[in-house]
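What follows is calculated from the coordinates using simple rules that are stated; it is not laboratory data. In this text, all values refer to a predicted model and were calculated from it rather than measured experimentally. When we count neighbours, we look across all protein chains shown, and the Cβ atoms used for this are built from the backbone with ideal geometry, even at glycine.
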Amino acid sequence: MNDIALKDRKVLLEIADLRVHFDIKEGKQWFWQPKKSLKAVDGVSLRLYEGETLGVVGESGCGKSTLARAIIGLVKAKGGRVTWLGRDLLGQDDKAWRDARTDIQMIFQDPLASLNPRMTVGDIIAEPLKTYYPKMAKREVSEKVRAMMMKVGLLPNLINRYPHEFSGGQCQRIGIARALILEPKLVICDEPVSALDVSIQAQVVNLLQKLQREMGLSLIFIAHDLAVVKHISDRVLVMYLGHAVELGTYDQVYHQPLHPYTQALMSAVPIPDPDKELTKQVQLLEGELPSPIDPPSGCVFRTRCPQAVAECAKTKPVLEGNFSHAVSCLKVDPL
Ligand code: SF4
């Protein structure tokens, strides 16, 4: 989808200055000692459009999964706004979140671990229907489950089997069926293929794309494999230490990255041309990811940034730019 077509679509989800901080207790805490907190997500803002796939990338510990869980209300945000179809969900009661979850569903990383081993496949897929529509007739539930199994490439005659009887790829199909049975508008995919073999990864990604076209879904696709994100995404969000450092169409982010962190990430993406792959320059990042309990002052990337200047320790950059490309760096002019 080109960015003009995307920009004209309805905004489904708007996140503004979202912060998820976890209080940390280290040993005995005296009342005069300041409380420490782990800033898992710290001031992320973005919009998601109808039918869009937003890829989210970054190192482990950058806040990708916490962001996803905060959007669906599985972790509590400390501040900011999560607006779903014009309605701010933060600060709402459990019923508002429950209602929103008929529209927003999640697919988890470890397919087998996310399925209850004591339930049959049919019961697992039917569970959201039984929760949200307890009066639905058994026969209708069964028909819907069988139809959804067909849609995700599972034979309906396997409906009474248990998760351990399936391969990893099939378990992820069961997880996808469970997420889609309520016909949501948005599916958050939290590293849905990283626990699978490479050949199975492609099948699951292709299945998600097919279902997106058929059901008009929007997707937030979290992954650390940049090649997979590139394949599926309309736009890409790059996160570092709980912050959004770059957001743009995949063309802009992959081919003209502006943030030094994104440039280093993209330099490591494999090129499917052996000659170019042999001669490409990979930008290695020095040092470890700092602790989100005690992040660097100013720009959080400055301790590893090859372009850092003195100002970077004093001033915190904000994400600036336009729909197609925005970046958070003091040395990049607003686009
Ligand atoms: S603000 Fe400074 S430290 Fe941060 S990415 Fe830009 S140049 Fe590097």
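What size of dipole, in debye to the nearest 20, comes out for the chain about its Cα centre when the only charges are +1 on Lys and Arg C-beta atoms and -1 on Asp and Glu C-beta atoms? It would help to have the intermediate numbers written out before the result.
On the way: 42 positive and 39 negative charges, 224 e Å.
Roughly 1080 debye for the chain.
Per residue, the Cα convex hull of segment 36-170 amounts to 166 Å³.
Net charge of the neighbourhood of LEU18, taken over other residues with C-beta under 15 Å away and scored Lys/Arg +1, Asp/Glu -1, is +4. From least to most packed, judged by other beta carbons within 10 angstrom and beginning with the fewest, SER233, SER167 follow the order SER167, SER233. Model label points for LYS76 and ALA147, set 7 angstrom from Cα along the Cα-to-Cβ axis, are 4.0 nm apart.
Take the Cβ-Cβ distance between LYS314 and HIS164 as r, set R0 to 51 Å, and report the resulting FRET efficiency rounded to the nearest 0.05.
Values: r = 56 Å, r/R0 = 1.09.
That pair, LYS314 with HIS164, gives E of 0.35.
Annotation: the chain has a Kirkwood hydrodynamic radius of 21.3 angstrom, from the mean reciprocal C-alpha pair distance.
Close amide H contacts of GLY79 (hydrogens built in the peptide plane, cut-off under 5 Å, sequence separation of 5 or more or a different chain): ARG19. Counting helices only, and only those DSSP H runs with n ≥ 4, report the 222 nm mean residue ellipticity of the chain as the sum of -39,500 (n - 2.57) divided by its residues, in deg cm²/dmol to the nearest 500. The helix contribution divided over the chain gives -9000 deg cm²/dmol.
Counted by neighbouring Cβ atoms within 10 Å, the residues GLU320, GLU191, GLU14, GLU286 run from fewest to most as GLU286, GLU320, GLU14, GLU191. Distance between the 7 Å Cα→Cβ label points at GLN203 and GLU127: 2.3 nm.
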